[in-house]
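Report on the structure given below.
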Amino acid sequence: MDINHKVAAKISELRLQKNILQTALADSLNMSQNAYSQLENGTTRITVEKLFAIANYFRIPVTQLLDIPENIMFNTSENSTAINTNNRTLNNHLHDESFSKLYEKIVIDKDKVIYAQEETIKLQNEALNNLKNK
């Protein structure tokens with residue numbers, strides 16, 4: 001099973017545990033129930049943006065959707081990629097190559113997501129201040 005299907009299964013498991021309908025989660029992600037269903041069954045690849053949005057919906061870290069223990073630290077240098085946990089190193093070959101690519105994309109895109117959220121907060125604060133000044 002590739003990483004996309006693993007993540008999709010984890011999302012499905014979380015949704016079912018919390019008794020949430022696909023339509024409710026799809027609505028929160030601004031997508032149709034059919035599109036969400038394809039995402040959850042692994043037919044459609046999950047984008048980093050959707051991954052963050054789903055983690056935010058469930059109020060969990062993205063690492064939990066990726067099934068990465070919180071005590072794992074990633075160290076990516078130009079010559080090697082390793083996973084360090086409790087002073088032990090696991091070579092990256094133990095993990096699916098698509099997992100590594102997905103993780104790298106998450107690291108790159110996280111700043112974009114944070115920036116967008118900060119901009120939204122600024123706009124909301126400006127709107128609130130404008131309302132207070134009226």
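What is the number of the single condition among (1) over 10 Å from the mean Cα position of the chain (by Cα); (2) assigned to a helix (DSSP H, G or I); (3) modelled with pLDDT under 90 that residue 106 does not meet?
Of (1) over 10 Å from the mean Cα position of the chain (by Cα); (2) assigned to a helix (DSSP H, G or I); (3) modelled with pLDDT under 90, only one is false for residue 106: (1).
Between a first residue in segment 55-67 that is of a type in the set (Ser, Thr, Tyr) and a second residue that is part of a loop (DSSP other than H, G, I, E, B), which pairs have beta carbons less than 9 Å apart while being 6 or more apart in sequence or on different chains?
Within 9 Å, the pairs are 57/20; 57/29; 63/69; 63/70; 63/72.
Considering every residue within segment 23-42, establish whether at least one is modelled with pLDDT under 90 and closer than 22 Å to residue 2 by Cβ. Lay out the reasoning, then the answer.
Initial filter on segment 23-42 (modelled with pLDDT under 90): 42.
Still in the running and closer than 22 Å to residue 2 by Cβ: 42.
Among the residues of segment 23-42, at least one is modelled with pLDDT under 90 and closer than 22 Å to residue 2 by Cβ, which makes the answer yes.
Taking segment 2-42 only, how many residues are assigned to a loop (DSSP other than H, G, I, E, B), among the charged types (D, E, K, R) and under 17 Å from the mean Cα position of the chain (by Cα)?
Taking segment 2-42 and keeping what is assigned to a loop (DSSP other than H, G, I, E, B), we get 2, 18-21, 29-32, 41-42.
Filter once more, so that each one left must be among the charged types (D, E, K, R): 2, 18.
Among the residues that remain, those that are also under 17 Å from the mean Cα position of the chain (by Cα) are: 2.
Counting residues in segment 2-42 that are assigned to a loop (DSSP other than H, G, I, E, B), among the charged types (D, E, K, R) and under 17 Å from the mean Cα position of the chain (by Cα) gives 1.
Can you name every residue in segment 43-62 that is under 17 Å from residue 17 (Cβ atoms) and either of a type in the set (Phe, Trp, Tyr) or buried (at least 18 other Cβ atoms within 10 Å of the Cβ) (or both)?
54, 55, 57, 58
Have a look at 28, 32, 37, 12 and point out the one that is of a type in the set (Gly, Ala, Ser), under 17 Å from residue 113 (Cα atoms) and surrounded by fewer than 18 Cβ atoms within 10 Å (Cβ to Cβ). Explain how you work it out, then say what you get.
Numbers: 32 fails: under 17 Å from residue 113 (Cα atoms); 37 fails: under 17 Å from residue 113 (Cα atoms); 12 fails: under 17 Å from residue 113 (Cα atoms).
Going through 28, 32, 37, 12 in turn, just one is of a type in the set (Gly, Ala, Ser), under 17 Å from residue 113 (Cα atoms) and surrounded by fewer than 18 Cβ atoms within 10 Å (Cβ to Cβ): 28.
The values are calculated or read from the model by the stated rules, or taken from the named source; none is laboratory data. Quick caveat: nothing in here was measured; it's all calculated off a predicted structure. Neighbour counts run over all protein chains shown; Cβ positions are idealised from the backbone, glycine included.
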